[in-house]
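Novice: Just dropping this structure here.
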Amino acid sequence: MAILKDIAAIAKGMSITFGEMFKPTQVENYPDGPGPFKGAKFQERFRGAHVLQRDENGLEKCVACFLCAAACPSNCIYIEAAENTEEHRVSGAERYAKVYDIDYNRCIFCGYCVEACPTDAITHGHGFELASFNASNLVYRKEQMLAPQPAHLGANSIFNQAEVEGGTPSLPAQGA
Amino acid sequence: MADVNITVDGKAVKTPAGTLLIEACKSVGIEVPSFCYYPNLSLQGACRMCLVKVEKMPKLQTACTTVVAEGMIVTTDSDEIRQARKGMVELLLGNHPLDCPVCDAGGECELQDMTFSYGAAESKYIEPKNHREEQQWSPVVFFDRPRCILCYRCVRVCNEGMDVAALGVQNRGVSSIIAPNNEDHLECEECGMCIDICPVGALTSGSYRYKTRPWEMNHVGTVCTHCGDGCKTTLGVRRADTGMEIVRGDNRDKSGINNDFLCIKGRYAFDFANHQDRLTQPLIRKNGQLTPATWEEAFELIGKKFSAIREKDGGQAIGVIGSNHTTNEENYLLQKFARVVLGSNNIDHHRTADFPAFAAALRGRANATASMRDVYNAPAVLLIGNDPTEKHPLLAWQIRSNVRLHRSRLYVVNSQPIKLRRQAAGFQLIPAGAEGAFAAFLAGEDAALASLGGSKDGWTALRDKLKTEENLVIVFGSELREGDITALVKFGSAVPGAKFLALADYANSRGAADMGLYPDLLPGYLPVAEAGKFHQEWGGIPSAPGLSLPEMAESAKAGKLKALYVVGANPIARFGIDPFVFSKSFVVVQDMFLTETAVIADVVLPAANAYEKSGSVTNTSGDLQLVKKAGEVTGTKGDFEMIVRIADAMGFDVRQLVPFGRGTRADMGQTRGAQSGEADRHAVWLEANGLELKMSPFDPMAILDEIQRLVPGYNISRLALLSGNDQQTNFAASGPAVAQKPELIVPAADGLFRSGTLGRYSHTLHSVMENKDRQPSEEVAAD
């Protein structure tokens, strides 16, 4: 009888094994998957590298109010503000961030800056591949964090990629 | 007046009759909110925020216009009151834009605070807000009309406080708007008081515009480095690529002798510090050209040259010129350096008042010098010469406030119809240069009347009137020198409680004089020729008087002056000296910019200004105040450090120059992190008791110890000084001084919009149109 009991136990165990063989895979295909995240998947709420958003006209939403820097518990946000002019308009309000740096050496991804932002300019994206061999590379400049120009203004992610690599600030779009 | 007993929120309050209810509440720590009420300005009753319940009165009363009465029972907080205040905030927010993230007042806005307190953040209006474009009224004043809550504080401070009346109200009732009286722009003294006093962001500063936010700055309370009044200014500083950048100046905490007053120079003209022409590395003349060099190279060269000249030609072949802007410690150190290290009494500075004669006249008299505070409180003020509105804005403010609030009597005797005559109880116009004759007439010399003009009876009546004024403060400009001052003091000694105030032009003119930047006077106006404590302390300093500034130029022309050491001064431009007279001398200049004097130098050392170092300064009325390091420009050094380094490079034992290395060793504990506050308090206590570590030869506090010990009149409370308070020095124990040549006094002639070299490099002072209107086009050069 004991042997029957053993066989039943093995059959039960193997049924799980064989059952799993026909189920879809649960392992993420990172880093060999498709898309910008190379197969990594995130919950919506995941707090990754920051993205500075633009409004529907392609202008930066950030008005350099410094509230994110004030809310930041690790003091990793550095901003220099400047005034928009008729000829050089960067944000929708009177003021824009001339310099906006986040030091990812210090950032703890707590999300307080996102909560503090009155214009929904700073958000957490899903970027997570921040590792670097050089700590100074971890100070991200505004140009590295800015969202791409909206598609209806003629921009796309590939275009924005070139902008980022070129290291030049993207030109503000005129009008809608 | 008799005291009145009232009850506020159950607390018994005893307060003088005539007190406003809002002030009575404040005196027991109950804050009644208000927008339009501002202490020392006339009452408006416009904002209705200060509503309180007074028993037996049918409606809520405005605490800012209600005067206390015996037995009043007041409630300052109840549901009814909160409801009323909330309603007021809601109405104010009706058209107030909610652009706080962009507004420069965000974070220090009274309307923001009130909205937080009373929770009227949601708007019940559905109508669109009435938007108006922002207006620029002057280079330093911007006006955003929708943000204005019509408290009229700006209009009142401009009319009553400043007596300028550049701002007014257009229209009436709900369509009232604040507007410049001069169409679309301000024509005024550009003091910026309206900006500071604005409870919201309606009036904002042009220079601070959108640069940063209040909580992003460090705020350092220091002393303005422009005129001789010594206003306290709180500088907001921010980290920048080149060190610490000064972003704004104000004095909203109302500390210091100036309360919240600042003129255009104190509020905006700190921008010379960040001027692009600022020197940031030492320059050495090589092949006729000033070329950048290292600090080591520069000090080595100076040390070698100075030593060689001292050995070969003696100390009298070296001249030293000090500054009116450097701290007391630096001035003291500089003259000690000249006398002890160089062995030379050839030390002078640009004099703007005859302080030696003043000190000699007041010698042995206690309580004879008036402080800036006395000018505000005195029942009567006599002003002889000078134009304080232009040259001493704080003094003018103190006089105006005193006349307005205390009904004080102002007597003005001037050769020009100066603006302060509008406040004067008596104004006498005299011929130019007759100020001395007036002093002589006051002292009883009736013959002097001949040069005064006018009727004898009028003058005698004025003199008799002045003699009856108790606690008279006598303020006089640099027109009075030598015997004039003695005569004036003689007159004053017949007036009970009379005090004197001599006006000099620069931030530390008085300090430079007190610290002995004279060829024949040691600190405290002790003559060099007399053996005294300085001879004993320092040992073997020369007792023959040295050369004055023009004499140094003569000596250099004759080939006798081999070296000249100029610290923060511009004698070439100021005294119109031919620059070629120094072509054979070795000239060292410490300055911020390549001035007319710096361009002829053999070595130029880039200096820090008064906003970038610590120490103390004495204003023209003798009020000693602490300056604190606020800004920083990489590549510059303080004058103190440079003097010590030169002495060191000359092979001198700097321990004999700066008494450092003394004090009790103490465990300072953790200086950063959670415990830092404790260590800071400990440090303050040690410093106040003179026990702090002076481990560095560059510590000005070590020299302050010596100043307090040796310079008569400077033995003030260290604790009060370190707490940021002004401490008055006096001449009671001063030396007998030596008569100075009156022609050596050269007034600065800076108006409200000029400030010598500092003004030359200030963009803001140049940007205001009043600068161009009122002043000669040629820039006045100075130190």
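Novice: Those residues that are assigned to a helix (DSSP H, G or I) and of a type in the set (A, V, I, L, M, F, W, C), I need them from the stretch B:346-395; list them, please.
Specialist: Answer for the stretch B:346-395, where residues must be assigned to a helix (DSSP H, G or I) and of a type in the set (A, V, I, L, M, F, W, C): B:F355, B:A357, B:F358, B:A359, B:A360, B:A361, B:M372, B:V375, B:L394, B:L395.
Novice: Condition check: in contact with an Asp or Glu (Cβ under 8 Å, 6 or more places away or on another chain) and within 14 Å of another protein chain (Cβ to nearest Cβ). Does A:Y140 satisfy that?
Specialist: On the way: in contact with an Asp or Glu (Cβ under 8 Å, 6 or more places away or on another chain): yes; within 14 Å of another protein chain (Cβ to nearest Cβ): no.
Criteria not met by A:Y140.
Novice: Could you list all residues from the stretch B:186-231 that are surrounded by fewer than 24 Cβ atoms within 10 Å (Cβ to Cβ), in a strand (DSSP E or B) and away from chain A (no Cβ under 14 Å)?
Specialist: Selection gives B:H219, B:V220, B:G221.
Novice: Somewhere in the stretch B:107-119, is a residue part of a loop (DSSP other than H, G, I, E, B), within 32 Å of the chain's Cα centre (by Cα) and of a type outside the set (G, A, S)?
Specialist: Looking for residues that are part of a loop (DSSP other than H, G, I, E, B), within 32 Å of the chain's Cα centre (by Cα) and of a type outside the set (G, A, S), one finds at least one in the stretch B:107-119, hence yes.
Novice: State yes or no: is B:L420 in contact (Cβ under 8 Å) with a residue 60 or more places away in the chain and either surrounded by 14 or more Cβ atoms within 10 Å (Cβ to Cβ) or in contact with a Ser or Thr (Cβ under 9 Å, 6 or more places away or on another chain) (or both)? Full working, then the answer.
Specialist: On the way: in contact (Cβ under 8 Å) with a residue 60 or more places away in the chain: no; either surrounded by 14 or more Cβ atoms within 10 Å (Cβ to Cβ) or in contact with a Ser or Thr (Cβ under 9 Å, 6 or more places away or on another chain) (or both): yes.
For B:L420, the condition - in contact (Cβ under 8 Å) with a residue 60 or more places away in the chain and either surrounded by 14 or more Cβ atoms within 10 Å (Cβ to Cβ) or in contact with a Ser or Thr (Cβ under 9 Å, 6 or more places away or on another chain) (or both) - is not met.
Novice: Could you grab me the full set of residues in the stretch B:464-514 that are of a type in the set (K, R) and touching a Leu at 6+ places or on another chain (Cβ under 6 Å)?
Specialist: Selection gives nothing.
Novice: Starting from residues that are more than 30 Å from B:Q398 (Cα to Cα) and surrounded by 12 or more Cβ atoms within 10 Å (Cβ to Cβ), keep the ones in the stretch B:1-47 and report whichever is nearest to the chain's Cα centre (by Cα).
Specialist: Step by step, filter the stretch B:1-47, then rank; the result is B:V13.
Novice: Now for a different question. Go through the stretch B:546-580 and count every residue that is out of contact with any strand residue (DSSP E or B) (no Cβ under 8 Å at 6 or more places or on another chain) and in a loop (DSSP other than H, G, I, E, B).
Specialist: 7
Novice: Do we find a residue being of a type in the set (A, V, I, L, M) and surrounded by 10 or more Cβ atoms within 10 Å (Cβ to Cβ) anywhere in the stretch A:24-35?
Specialist: No: zero hits.
Novice: Which condition breaks for B:V89 when tested against (1) more than 36 Å from the chain's Cα centre (by Cα); (2) part of a loop (DSSP other than H, G, I, E, B)?
Specialist: With respect to (1) more than 36 Å from the chain's Cα centre (by Cα); (2) part of a loop (DSSP other than H, G, I, E, B), B:V89 is out only on (2).
Novice: While we're here: Just one of the numbered conditions (1) in contact (Cβ under 8 Å) with a residue 60 or more places away in the chain; (2) buried (at least 22 other Cβ atoms within 10 Å of the Cβ) is not true of B:V587; which one?
Specialist: B:V587 satisfies every listed condition except (1).
Novice: To continue, here is another question. Which members of the stretch B:144-162 meet the condition of being farther than 23 Å from B:C64 by Cβ and in contact (Cβ under 8 Å) with a residue 60 or more places away in the chain?
Specialist: Answer for the stretch B:144-162, where residues must be farther than 23 Å from B:C64 by Cβ and in contact (Cβ under 8 Å) with a residue 60 or more places away in the chain: just B:D144.
Novice: Let me ask something else about it. Report those strands (runs of 3 or more DSSP E) wholly inside the stretch A:53-129 carrying at least 1 residues which are more than 11 Å from chain B (Cβ to nearest Cβ).
Specialist: Hits in the stretch A:53-129: A:95-103, A:122-127.
Novice: For B:V413, all conditions in the list (1) crowded, with 21+ Cβ neighbours inside 10 Å; (2) of a type in the set (A, V, I, L, M, F, W, C); (3) not in a strand (DSSP E or B) hold save one; what is the number of the exception?
Specialist: B:V413 satisfies every listed condition except (3).
Novice: Looking at B:E122, B:E80, can you tell me which residue is surrounded by fewer than 18 Cβ atoms within 10 Å (Cβ to Cβ), part of a loop (DSSP other than H, G, I, E, B) and not hydroxyl-bearing (S, T, Y)?
Specialist: The conditions single out B:E122.
Novice: So for the stretch B:39-52 (the condition being farther than 21 Å from B:C198 by Cα, more than 14 Å from chain A (Cβ to nearest Cβ) and in contact with a strand residue (DSSP E or B) (Cβ under 9 Å, 6 or more places away or on another chain)), does at least one residue qualify?
Specialist: Taking every residue of the stretch B:39-52 in turn, at least one turns out to be farther than 21 Å from B:C198 by Cα, more than 14 Å from chain A (Cβ to nearest Cβ) and in contact with a strand residue (DSSP E or B) (Cβ under 9 Å, 6 or more places away or on another chain).
Novice: Among the residues of the stretch B:258-314, count how many are crowded, with 19+ Cβ neighbours inside 10 Å, in a helix (DSSP H, G or I) and of a type in the set (G, A, S).
Specialist: The qualifying residues number 3.
None of the figures in this text is laboratory data; all of them are computed from the coordinates on show. This is a predicted model, so every value here is computed, not measured. Please note: Cβ atoms are built from the backbone with ideal geometry, for glycine as well, and neighbour counts cover all protein chains shown.
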